[in-house]
């Protein structure tokens, strides 16, 4: 294989409809890794496909272990930190051990959010517990707004809400998880990013409340979304669409 980026891009396109097929093809890409950035792209894909979609924790851990043997892996670099967090989150999701106490607090936040995202479609009760733990730890930790852990929490919470919104049916635990995730994403995007992400987080809340069967709450957040757009000097026309 020579076009690793093409492989990864196609895998992201295919994974929602054929996660098992994407997982089966991933080992073919191992020998094509030439840079640390490529290694992290492939690891991120594997963590999401094996974890969030398939719940195949052991397979994901095995693949990440293989990636850590690649010459491009830097134990003291970005790939070392990323794989440490991804592997810890998979162990946490699998329930075989809890490695968080050995990590720095920002990594504990990231790992807990990743594990919650991995569990969202497999065990709503545990996923909600993990997301609540992440929220509580973040609230108790004086991190700078620019800390990547806060963006990670916002992004993973948003992903959980999206994944549960499109499910044809949800248990009560999954409904609670979806709403907690959407609220968490809204709070931490406001802390860590621009008005654009906050506006879209309001749209996410509107969609989550609509999926939860509460049209009145959904309308409140849709109006909040539009208000944020209207407050901008030159709002992009596309953003108004999100609140409609």
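The values are calculated or read from the model by the stated rules, or taken from the named source; none is laboratory data. All values derive from a computational prediction rather than experimental measurement. We place every Cβ from the backbone using ideal geometry, glycine too, and count neighbours over all the protein chains shown.
Some notes on this structure:
- Qualifying positions in the range 151-167 - buried (at least 17 other Cβ atoms within 10 Å of the Cβ) and over 12 Å from the mean Cα position of the chain (by Cα): 164, 165
- Listed here are the helices (runs of 4 or more DSSP H) enclosed by the range 62-172 that have at least 2 residues being under 24 Å from residue 199 (Cα atoms) and in contact with a helix residue (DSSP H, G or I) (Cβ under 9 Å, 6 or more places away or on another chain): 105-119, 124-140, 148-165.
- Residue pairs whose Cβ atoms lie under 6 Å apart, sitting 6 or more positions apart in sequence or on different chains, and linking a residue in the range 128-141 that is modelled with pLDDT under 95 to a partner that is assigned to a helix (DSSP H, G or I) and surrounded by fewer than 19 Cβ atoms within 10 Å (Cβ to Cβ), are 141/105.
- Take the conditions (1) free of Cβ contacts under 8 Å to residues at least 60 places away in the same chain; (2) under 16 Å from residue 127 (Cβ atoms); (3) buried (at least 19 other Cβ atoms within 10 Å of the Cβ); residue 170 misses just one of them, which is (3).
- The residues of the range 221-244 that are surrounded by 12 or more Cβ atoms within 10 Å (Cβ to Cβ), farther than 14 Å from residue 202 by Cα and modelled with pLDDT under 75 amount to a single one, 235.
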